[in-house]
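First comes the structure, then the notes that go with it.
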Amino acid sequence: MRKGLSPIVASVILIAATMTIAGILTFWTTGFVSKKLNETSNVNDETTCYGAEFKLHSASYNNGTLFLRLDNRRNVDIKLENLYLFYPDNSMDTVPLKEFLLKGNEIKQLSPIMGVRPDFVSGKIKTNCPTVFLDFSSSEVGIG
């Protein structure tokens with residue numbers, strides 16, 4: 001008389017092996033798909049920013065308040081994130097711009113920036129596009 005696995009035990013082993021293989025494949029494909037989705041979203045961000053450019057249209061300073069008018073030179077919307085003001089003592093002020101939207105081909109005034117020291121040397125406006133920013137000096141504003 002030969003002994004073997006009962007049909008129930010064999011079925012349980014087959015189901016367990018199948019579920020293990022399915023779990024391994026699911027884990028692998030989830031990692032692969034999420035990596036590809038991240039790569040795609042990075043490309044979309046770069047594509048959205050392609051060709052973006054903005055300039056300082058006009059600027060003025062009056063009693064601690066800085067007024068900046070910006071000119072979006074392209075048909076690409078740009079979100080302004082932060083304004084950095086640099087001073088001769090190597091200090092810096094950061095002014096969050098709360099994702100100020102400068103639409104394509106638009107000239108728009110930033111809200112007045114208050115509390116700016118009269119000895120500021122330069123400024124930088126950073127955007128949601130890593131390669132798109134604006135540097136300006138106090139001489140462009142009429143200070144210095």
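Centre-to-centre, using Cα atoms only, the stretch 1-30 and the stretch 107-144 are separated by 66 Å. Less than 5 angstrom separates the built amide H of GLU106 from those of ASN72, all sequence-distant by 5 or more or on a different chain.
Taking every DSSP helix (H) stretch of at least 4 residues in the chain, weighting each as -39,500 (n - 2.57) and dividing the sum by the residue count yields a mean residue ellipticity at 222 nm of -11500 deg cm²/dmol. Rounded to the nearest 10 degrees, what's the angle between the helix 7-49 long axis and the longest principal axis of the chain, both from Cα atoms, 0 to 90? The helix 7-49 is inclined about 20 degrees to the chain. Within straight-line reach of LYS79, meaning a Cα separation under 16 Å, sit the following lysines at least 8 residues removed in sequence or on another chain: LYS55, LYS98, LYS103, LYS108, LYS124, LYS126. GLY123: net charge of surrounding residues, Cβ under 11 Å, Lys/Arg +1, Asp/Glu -1, itself excluded? Surrounding charge for GLY123 is -1.
In percent, rounded to a whole number, the relative contact order of the chain is 22, using alpha-carbon pairs under 8 Å and six or more apart.
Rule-based calculations on the coordinates, nothing more; no lab input. Just so we're clear, the structure is a prediction, and the values are computed from it rather than from any experiment. Glycine also receives a Cβ, built like all others from the backbone with ideal geometry; neighbour counts cover every protein chain displayed.
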